[in-house]
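For reference, the structure discussed in these notes is given below.
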Amino acid sequence: MLLRLWRSFTAWRRGRPFWAGLFVIAGAMVILFPPFVGVKLGDMIISIKTIGGVSALLIGTLLIICGLSLWIAPGFRLASGIVTVLLSLVALVTTNLGGFLLGTVLSLLGGALAVAWTDVPKEPKAPGEKRRKKGRSELSLENPAPPMAAVALIALLAVQQPSADPADPSVPPPVSTTQAPTSSSVAPPSSSTPPGTPPPGSSTPPPASSSVPAPPPSTVPPSTPATPPPAPAPVAGGREWTLTASRLDLVGLNFAGVVDSVLNGQVVKVLKFTATDMKIRDLVQTGEVSPGVQLVTRAAPGSTSTVSVPFGSPARIELFTVQLKGNLDILGIKIPVDYTAAHPPPLNVPIASFTEVTVRNADLAGGTLKIPGTKISLQSS
């Protein structure tokens, strides 16, 4: 269990500037600490009661908000980093030297890490590959050569006409642009005579065309545009079934996006979640087995059903959901939510708990479902 939580925390930490937020919050705590804490030396109590207390409260609170936003909404890390740097500099002159310089230094370090952080992974280097300097004439990774242009160039070189000069077959023969001599005694061809055809009864060759002769038609087949990759096939589903529970806990949660699934013979958009552990209290599962007949699976009242994967297994539970409706429980605060393909979850968190939840599912794959006190019945709808 601890290993799963650690893996979930590590995956969550790598997707956001975690250390930047940690330094910013630590700096905010140091800035908030001096004005509101007294030091007792024998019978003497030393405390700082100046205008710096109000400034420290305001700046420290704003820095904590910036640090939390780096964890919760990493997409705004640039704005949060810039605001953190400005607040830490302001704290230097308004809040007891910014927490005796330590708070300002920690906040500046966190703001710099937030601005410099990126979620684009580095490409691994091949073993033994030497680092090369990128010159002006060298292709860079940002502007790679178009693959179609390279293919066309190779095809052009492959079908180039061979030279008629046996001494140097690699040099093509020069193309002459001089005109053949013409005679002034020859009448010009009539308008009905096609160009290049001598008039009847004339032995003088026709004037040569001033344009370069057209090369023979190329044997290279016309290039066809690359066909786009086929769209992913819809996930195999079945009939819609509904799950109701008084509480639903998801561990190792990951929102994989909106995908296509086959539901009741039709392709629909569903939400895809993956998890490592699911706990369902007061489970009631309902599904239509035939028109007008529903199969109801009910757990014992007050019991907790589980869906889990073997410990240490890389497999995950896949849940394809049409709708997830209930109350999101955050430290006892219940927030009503209604997630669908049109309104997906705004954040991707590793652990989530829902109360009074109703889930319309298309499929559940992976994991082992254990329902204590199972009661199965058929009901007419």
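For segment 268-381, report the accessible area per residue in Å² (1.4 Å probe, heavy atoms, rounded to an integer). Kindly include the intermediate steps, with their values, before the conclusion.
Values: 6090 Å² over 114 residues.
On a per-residue basis, 53 Å².
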Could you list the chymotrypsin sites (Phe, Trp or Tyr not before Pro) in segment 311-381 that lie in coil according to DSSP, counting only those with at most 13 other Cβ atoms within 10 Å of their Cβ?
Phe311
Residues of segment 61-77 with amide N under 15 Å of the 7 Å Cα→Cβ point at Phe36
61-65
With the label point 7 Å along the Cα-to-beta-carbon line of His343 and a cut-off under 20 Å to each amide N, the hits in segment 244-263 are 244-245, 248, 255-259
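The values are calculated or read from the model by the stated rules, or taken from the named source; none is laboratory data. Please read these numbers as outputs of a predicted model, since none were measured by experiment. Neighbour counts run over all protein chains shown; Cβ positions are idealised from the backbone, glycine included. Only protein heavy atoms, including side chains, enter the accessible area calculation; ligands, DNA and RNA are left aside. Shrake-Rupley method; radii C 1.70, N 1.55, O 1.52, S 1.80 Å.
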